[in-house]
Amino acid sequence: MSTTLIRNGRLVTASDDYRADILVEGDKIKLIGANLSMQTDRVIDATGKYVIPGGIDCHTHMDLPVGSVSSSDDFETGTIAAAHGGTTTIIDFATQARDGSMHAALDAWLAKAQGRAVIDYGMHMIVTNLPDELLPEMDALVREGVTSFKMFTAYPDRLLLDDGTIFKAMQRAGENGGFVMMHAENGSVIDYLAQKFVDAGKTTPNYHPLSRPHQTEADAAQRVILLSELAGVPVYIVHVSSHLAMEAIRAARDRGLPTFGETCPQYLWLAYEDYADGSFAGAKFVCSPPIRERANQEPLWRALASDDLQTVATDHCPFCFHEGYKGLPKQKELGRDNFKKIPNGVPGVENRMHLVYQGGVVQRGWSMNRFVQVTSTAAAKLFGLFPRKGALAIGSDADIVLWDPHRPYTIRAATHFMRVFYNPYEGVTVDGSPLLVMARGRVIFENDQFLGRKGQGEYLKRGTYAW
Ligand code: URP
Ligand code: ZN
Ligand code: ZN
């Protein structure tokens, strides 16, 4: 078994901040203590670095089919990119076919990941149909480690479930310990508005956000929160983009409900004003819910600081912008004549930790503990991975990042690892970045060099929700 000693670092978890050494044996943290001096295969000097648990991105879409195309990162390229930015676990989504079983979907998504992922991965299940005979599948999946179910109030043609079915699934999850994740947007109002724009010849990308106003997100968030209260089950609202939806979550939490919210770097860093001119370059920023006005960013940052929102995940779902670029099929270009046809999603898995560090710790004075909480520990707890992940503790997986606060990094598509040829954060310089990333005891990135091996990531059977 290989051994590594990480010496002289400043260990930061969601709750602690102290100087100590870590002994890694095989894939686990074996010992934490002061002045450890045993013989090991490697000694890493972490002087001047934060030593933090690897990040957890609990919302990614690698190799996701959307219409005629698939998101451009697969589990290999996407997890290499994640690791470069300090993320050592992702949780992706298997999507049930409307006429299919959830187990078949899980098998299909595991086949995409196995042999490719370089970091560990779990799976959520997207429920698209729930006749009574499929209810026992939900129980079986929870027992098998797929403990969270995502449902949609948007995309009526592909993914939306009616309120009765959402409620049925919530009740079942309440009985079997499952956790409910909701994509909260009012799909039928959005479809009506979008078609109205198209009929009026308003087809450029800036009409995408205009067809998805704040109220359509907040209305759906409010509705699913009330349904979850009625069903007696915790609910996690994914990719909260609007301050109005966040306020619905805050109000529920103030009433004592187990309601949780996630936001994403694109809602914290990007602004509608930057693509409001209608140019087709705006297609790069088309995702759902949409990127809001600049004034909407600060309430989301504040909500993360005050725990009205709990996590930052990416909803990483990249599509190439240029037609046929480097042999890849037409992707964002599909919507050149109609914003409704632009594949929804933005890249981000590589830069999540960079952007939360810069925006949270550097610009807004967050503690490093809060940074670890929102980028790692909160997701580990909510999605049944704690303390194996999201912690620096004896027996935890040795997913460890040496975060150098004095290692500036400029985000550029030319040098990023994501398989997409633009970066929404092009040119942003962050003050600190990962110097070294260890995944289950192996150094897989050092000085921006990938040292890992395709397929070394393992599937994570997750436990049930805890907080
Ligand atoms: O635009 C987005 N977010 N695409 C990914 C699918 C989803 O709804 O999360
Ligand atoms: Zn979604
Ligand atoms: Zn998503």
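The values are calculated or read from the model by the stated rules, or taken from the named source; none is laboratory data. The structure displayed is predicted, hence computed values, not measured ones. Here the Cβ is made from the backbone with ideal geometry for all residues, glycine too, and neighbour counts use every protein chain on show. Accessible surface is based on the protein model in full, side chains and every heavy atom, while ligands, DNA and RNA are left aside. Shrake-Rupley method; radii C 1.70, N 1.55, O 1.52, S 1.80 Å.
Loop only per DSSP, at most 16 neighbouring Cβ atoms within 10 Å: give me the trypsin sites (Lys or Arg not before Pro) in the range 193-284, ordered by residue number.
Values: sites: K196, K202, R223, R250, R253, R255, K284; in loops: K202, R255.
Answer by residue number: K202, R255.
Taking the Cβ of I22 as the centre, find all other residues whose Cβ is under 15 Å away and add up their charges (Lys, Arg: +1; Asp, Glu: -1).
Numbers: positive: R7, R10, R19, K28, K30, R42, K49, R440, R442; negative: D16, D17, D21, E25, D27, D41, D45, D397, D399.
Taking every other residue near I22 into account, the sum is 0.
Starting from the 7 Å offset along Cα-to-Cβ, what nm value, one decimal, do you get for the label separation of N129 and E293?
It is 4.2 nm.
What is the extension gain from L31 to T410, computed as 0.36 nm multiplied by their sequence separation minus the C-alpha to C-alpha distance, in nm to one decimal?
Values: separation 379, 0.36 × 379 = 136.44 nm, distance 3.51 nm.
That works out to 132.9 nm of additional length.
Mind giving me the nanometre distance, one decimal, between the label points for T165 and A97, set 7 Å out from Cα along Cα→Cβ?
My value for the distance between the label points is 1.6 nm.
Could the peptides 289-300, 381-392 be put in order, highest first, of the mean number of other beta-carbon atoms found within 10 Å of their residues?
Details: 289-300: 19.8, 381-392: 24.2.
Descending packing order for the listed peptides: 381-392, 289-300.
Give, in nm to one decimal, the length gained when the segment between M1 and A466 is fully stretched (0.36 nm per residue of separation minus the Cα-Cα distance).
Details: separation 465, 0.36 × 465 = 167.40 nm, distance 3.22 nm.
So the chain would gain 164.2 nm between M1 and A466.
Please work out the C-alpha center-to-center distance from the range 304-352 to the range 109-172 and express it in whole Å.
The two parts, judged by their Cα centres, are 22 Å apart.
Helix 214-231 versus the longest principal axis of the chain: what angle, 0 to 90°, nearest 10, using Cα atoms?
70
Length gain on complete extension for the stretch D17 to Q449, per 0.36 nm per residue less the alpha carbon to alpha carbon distance?
On the way: separation 432, 0.36 × 432 = 155.52 nm, distance 2.81 nm.
Length difference between fully extended and current span is 152.7 nm.
Tell me, what is the FRET efficiency for A104 and V43 to the nearest 0.05, using R0 = 60 angstrom and their Cβ-Cβ distance as r? Don't skip to the end; give the middle numbers.
Details: r = 48 Å, r/R0 = 0.80.
So the FRET efficiency works out to roughly 0.80.
To make sure I understand the rule: partners must be lysines, Cα under 24 Å from the Cα of K461, and not fewer than 8 residues away in the same chain. Which ones qualify?
K28, K30, K112, K150, K381, K389
Provide the per residue accessible area, probe 1.4 Å, for the chain, rounded to a whole number of square angstrom. Write down the numbers at each step before the final one.
Working: 16300 Å² over 467 residues.
Spelled out: the 1.4 Å probe surface of the chain, per residue, equals 35 Å².
Where both partners of a DSSP beta bridge lie in the chain, what percent of those bridges are antiparallel, to the nearest 5? It would help to have the intermediate numbers written out before the result.
Details: 33 of 69 bridges.
Antiparallel bridges make up about 50 percent of those DSSP assigns within the chain.
With N denoting the number of residues in the chain, provide Rg(C-alpha) divided by 2.2 N^0.38 Å, to two decimal places.
Values: Rg = 21.2 Å, N = 467, 2.2 N^0.38 = 22.7 Å.
For the chain, the normalised Cα radius of gyration is 0.93.
Give me the net charge of F339's neighbourhood, meaning all other residues with Cβ under 15 Å from the Cβ of F339; Lys, Arg count +1, Asp, Glu -1.
Values: positive: K196, K202, R212, K284, K332, R336, K340, K341; negative: D191, D199, D277, E333, D337.
Residues close to F339 contribute a combined charge of +3.
Which value, in debye to the nearest 20, describes the size of the charge dipole of the range 1-76 about its Cα centre when Lys and Arg Cβ atoms bear +1, Asp and Glu Cβ atoms bear -1, and nothing else is charged? Please list the in-between numbers first.
Working: 7 positive and 12 negative charges, 108 e Å.
Here the range 1-76 has a charge dipole of around 520 debye.
Express the carbon and sulfur contribution to the solvent-accessible surface of the chain as a percent, rounded to the nearest whole number, probe 1.4 angstrom.
Details: 8060 of 16300 Å².
Carbon and sulfur together cover 49 percent of it.
Given the rule -39500 (n - 2.57) for each run of at least 4 DSSP H residues, summed and divided by the residues of the chain, what is its mean residue ellipticity at 222 nm, to the nearest 500 deg cm²/dmol?
Working: 13 runs with 121 residues, N = 467.
After summing the helix terms and dividing by residue count, I get -7500 deg cm²/dmol.
Treating only the Cα positions of the range 320-392 as identical point scatterers, give the base-10 log of I(q)/I(0) from the Debye formula at each q in 0.23, 0.27 Å⁻¹.
-0.93, -1.16
Taking the Cα atoms of the range 1-127, report the difference between the largest and smallest coordinate on each principal axis, in whole Å and largest first.
59, 29, 23
Give me the distance between the Cα centres of the range 1-34 and the range 54-69, rounded to whole Å.
Result: 31 Å between the Cα centres.
Around T147, under 10 Å between beta carbons, what's the net of Lys plus Arg minus Asp minus Glu among the other residues?
Within the 10 Å Cβ shell, the charges total +2.
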